[in-house]
Amino acid sequence: MRLLMKLLVLYHLKEQPELLIVKQQAVWKEERERGISKMKSLLKFITCGSVDDGKSTLIGHILYDSKLLYADQEKALELDSKVGSRGGAIDYSLLLDGLMAEREQGITIDVAYRYFTTDNRSFIVADTPGHEEYTRNMAVGASFAELAIILLDAKQGVLVQTRRHARICSLMGVKHFVFAVNKMDLVGYSQERFLEIQEQIKELEKELSLENVYIIPVSATEGDNVTKKSENTPWYSGEALLPYLENVEIDSKSEEGFYMPVQRVCRPNHTFRGFQGEIEAGSIAVGDEITTLPSNEKALVKSIHITDKESQIAGKGQAVTIQLNKEVDVSRGCVLTKGANIVTSKSVSAKILWMDDSELTAGKEYFVKVGTKMLTGVVTDVRYKIDVNTGKHLPTGYLTKNEIAACDILLSEKIVVDKFDEHKTLGELILIDRITNMTSACGVIEDVHNSDGKNEKFAFEYNELKARGDIFEEFYYDTETLSIFKYKPQEQTYTVGDKLPTKGESFEYPENFDLLVLRDWVAIEVRDKKITSIKSIYDYKYQEVSVINGRGFEVKVNSNEEVTKFLNEYKEINEKSQGDFFNKWVKFETYRKVVFHSTN
């Protein structure tokens, strides 16, 4: 319906697509405020908290009281409740706890998604498990939510799991929080107890820098302040839970520009090549110029298809097929952009929730999924873990299940990424175990390194010369995954006069050598383990010492003439001839070796 309205306005007014969308959104907002529009907004929210805090019961009570059940569902609930543990009284949690194990144990294990709608709004709710063992399930639910309802037991207050869930929701980008202080009936609807817990929540709010926090006293079993205000809490002046959810405004940050990660290349015949995906931000119209990443080519939008219909314009949230006016290098995992200021990189810093039974240690290789791209990557450093009670950063060399930590990840190739706060879809990632194919961690990207060269971490610098030599990388053979990975333990920058660490676990260089960093065209001369000169390769002359390239491999040259030939051939290589060039000119095992390494 919205797209149809946009197309009609476009046809009659012939204005710029972006301007039309802004104008139409303003019209819809005005209509909603005047009560004209019958379109209902959608709120996606999650319920979380500790075990037996009443999450499933709360949502079940909303569905029951709001008359959102079919007659047979209501009858089945009443019959099931008679054989339950509440003495025949209705057990509202049975509406969501569908697994037999959940009903037997009286806890939620899997994430239960429910869709329901009231006169004022439509909702999708994810009821998540509270037990620490199922934290990974809870994180999955949080990843889709715009608002989190965190339940607390009025008798116990803020617990460790309360803090963990609040931190995970914040990590996943949730900006709106409702803290429902449940089981108020068991503390005699005490205002004093509610105020005590309110102070605990405010401390947590400050610690995690939570936004848009609302606190409600409720009884999920008795229905107090669930769908309507309760007479048992006359001292509470705020809204009941459901009215609050119906009216809360979700302020979603507008992402810069247009971008669409490509999920599939569509080739139904030899005349059509379209790129399919969901538009994550902005809008696009026929005739617009887009940039393809990471190939960085420019092209014009020839046509836009929504299902089997052509359209002149498409916007955020729509699944489309985009055809361009020329052939470009685009496949699954690439991104189409327009004014989004997105970069490519192979090195990121991320904050992750570790969900695997085995420990995370630096150096282990995983499949990394960002947007629609999946590739291999190495966790090069676990910088610190976060104490869920205090929020303090604790130095550590490993991570255990359900812990949150900041780490650095090196990818096998440059991909399209961004900070989570800037472009959400390109700032989310998961780590997948290469053996079991299980998800080991989820997290968000907080910093992108080496994206455009401006903020590159250089190994060597002198005056205006900079070089990115990787001679201190360690080469490890992972006995679990049967693969070789590289690990760079330190990122110090060296200059003339500095002494170099010429020996590591997997490398040992002579005391005198010349280092040629070809990608930056810089030569570094090392004598007695100290840097004596950093110069342009144009000024370099062979001096009858070992010659090493920027990766630490021997360069097989023995004269100035051979050096010149080596450099000239390097200028001529392309992607297809790289292997032949390096097989001819460099030797790995002279100064390097591969060290066996177990990540168990």
Handout entry: Filter result (more than 24 Å from His61 (Cα to Cα) and either among the hydroxyl-bearing types (Ser, Thr, Tyr) or surrounded by 21 or more Cβ atoms within 10 Å (Cβ to Cβ) (or both)) within region 192-228
Key = Ile201, Ser209, Leu210
Practice task
Would you be able to say whether some residue in region 494-515 is at pLDDT 90 or above, over 28 Å from Ile409 (Cβ atoms), in contact with a helix residue (DSSP H, G or I) (Cβ under 6 Å, 6 or more places away or on another chain) and not polar (S, T, N, Q)?
Solution key: no
Practice task
Evaluate region 510-529: report whether one residue or more is farther than 19 Å from Glu473 by Cα, exposed (fewer than 13 other Cβ atoms within 10 Å of the Cβ) and among the charged types (D, E, K, R).
Solution key: yes
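Hey, among Thr337, Thr344, which residue is touching a Phe, Trp or Tyr at 6+ places or on another chain (Cβ under 8 Å), part of a strand (DSSP E or B) and not hydrophobic (A, V, I, L, M, F, W, C)?
Going through Thr337, Thr344 in turn, just one is touching a Phe, Trp or Tyr at 6+ places or on another chain (Cβ under 8 Å), part of a strand (DSSP E or B) and not hydrophobic (A, V, I, L, M, F, W, C): Thr337.
Within region 292-319, track down each residue that is part of a strand (DSSP E or B) and within 23 Å of the chain's Cα centre (by Cα).
Within region 292-319, the first condition is being part of a strand (DSSP E or B), and the residues that meet it are 292-293, 297-306, 309-311, 313-315, 319.
Those that are part of a strand (DSSP E or B) and within 23 Å of the chain's Cα centre (by Cα): Thr292, Leu293, Gly315, Ala319.
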Exercise for the section: Write out, first by first residue and then by second, each pair whose Cβ atoms fall under 6 Å of each other, whose residues are 6+ apart or on separate chains, and whose first residue, in region 121-147, is buried (at least 18 other Cβ atoms within 10 Å of the Cβ) while the second is of a type in the set (D, E, K, R) and at pLDDT 65 or above. Expected result: Val125/Arg114; Asp127/Lys55; Ala145/Lys44; Glu146/Lys44
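For the subset of region 210-235 comprising residues that are farther than 19 Å from Ala148 by Cβ and hydroxyl-bearing (Ser, Thr, Tyr), which member is modelled with the highest pLDDT? Walk me through how you get there before you give the answer.
Residues of region 210-235 that are farther than 19 Å from Ala148 by Cβ, as a first pass: 219, 221-224, 227-235.
Add one more test, that the residue is hydroxyl-bearing (Ser, Thr, Tyr), and what stays is 219, 221, 227, 230, 233.
On the way: Ser219: 89, Thr221: 81, Thr227: 85, Ser230: 89, Thr233: 92.
Only one residue fits best here, namely Thr233.
Out of Arg163, Arg136, Arg121, report the one residue that is at pLDDT below 70 and within 22 Å of Lys44 (Cα to Cα). Let's see the steps before the verdict.
On the way: Arg163 fails: at pLDDT below 70; Arg121 fails: at pLDDT below 70.
It is Arg136.
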Handout entry: Qualifying positions in region 340-381 - touching a Leu at 6+ places or on another chain (Cβ under 7 Å), of a type outside the set (Val, Ile, Thr) and farther than 29 Å from Arg164 by Cβ
Key = Lys346, Leu375
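For Thr400, state whether it is in contact with a strand residue (DSSP E or B) (Cβ under 8 Å, 6 or more places away or on another chain), within 28 Å of Glu207 (Cα to Cα) and assigned by TED's automatic domain parsing to the domain that holds Glu428. Break it down stepwise before answering.
Details: in contact with a strand residue (DSSP E or B) (Cβ under 8 Å, 6 or more places away or on another chain): yes; within 28 Å of Glu207 (Cα to Cα): yes; assigned by TED's automatic domain parsing to the domain that holds Glu428: yes.
Taking the combined requirement at face value, the residue satisfies it.
Mind counting the residues in region 181-221 that are of a type in the set (A, V, I, L, M, F, W, C), in contact (Cβ under 8 Å) with a residue 24 or more places away in the chain and under 15 Å from Trp235 (Cβ atoms)? Spell out the reasoning first.
Here is the first cut: in region 181-221, the ones of a type in the set (A, V, I, L, M, F, W, C) are 181, 184, 186-187, 194-195, 197, 201, 204, 208, 210, 213, 215-216, 218, 220.
Subsequent filtering for residues that are in contact (Cβ under 8 Å) with a residue 24 or more places away in the chain retains 181, 184, 186-187, 194, 197, 201, 204, 208, 210, 213, 215-216, 218, 220.
Add one more test, that the residue is under 15 Å from Trp235 (Cβ atoms), and what stays is 181, 184, 187, 194, 197, 215-216, 218.
The number of residues fulfilling the criteria is 8.
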Problem - Count of residues meeting criterion [farther than 11 Å from Leu336 by Cβ and in contact (Cβ under 8 Å) with a residue 60 or more places away in the chain] in region 281-308 - result: 5
Exercise for the section: Check Lys298 against each of (1) surrounded by 17 or more Cβ atoms within 10 Å (Cβ to Cβ); (2) at pLDDT 90 or above; (3) more than 17 Å from Thr425 (Cβ to Cβ) and name the one condition it does not meet. Expected result: (1)
Practice task
Assess whether Val348 counts as being modelled with pLDDT of 85 or more, of a type outside the set (Gly, Ala, Ser) and buried (at least 16 other Cβ atoms within 10 Å of the Cβ).
Solution key: yes
Handout entry: Filter result (touching a helix residue (DSSP H, G or I) at 6+ places or on another chain (Cβ under 8 Å) and either part of a strand (DSSP E or B) or over 18 Å from His423 (Cα atoms) (or both)) within region 248-280
Key = Tyr259, Pro261
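Does Glu365 count as surrounded by fewer than 19 Cβ atoms within 10 Å (Cβ to Cβ) and more than 30 Å from Glu203 (Cα to Cα)?
Numbers: surrounded by fewer than 19 Cβ atoms within 10 Å (Cβ to Cβ): no; more than 30 Å from Glu203 (Cα to Cα): yes.
Judged against the criteria, Glu365 is not a match.
The values are calculated or read from the model by the stated rules, or taken from the named source; none is laboratory data. All values reported here derive from a predicted model rather than from experimental measurement. Reconstructed Cβ throughout: ideal geometry from the backbone, glycine too, with neighbour counts over all protein chains shown.
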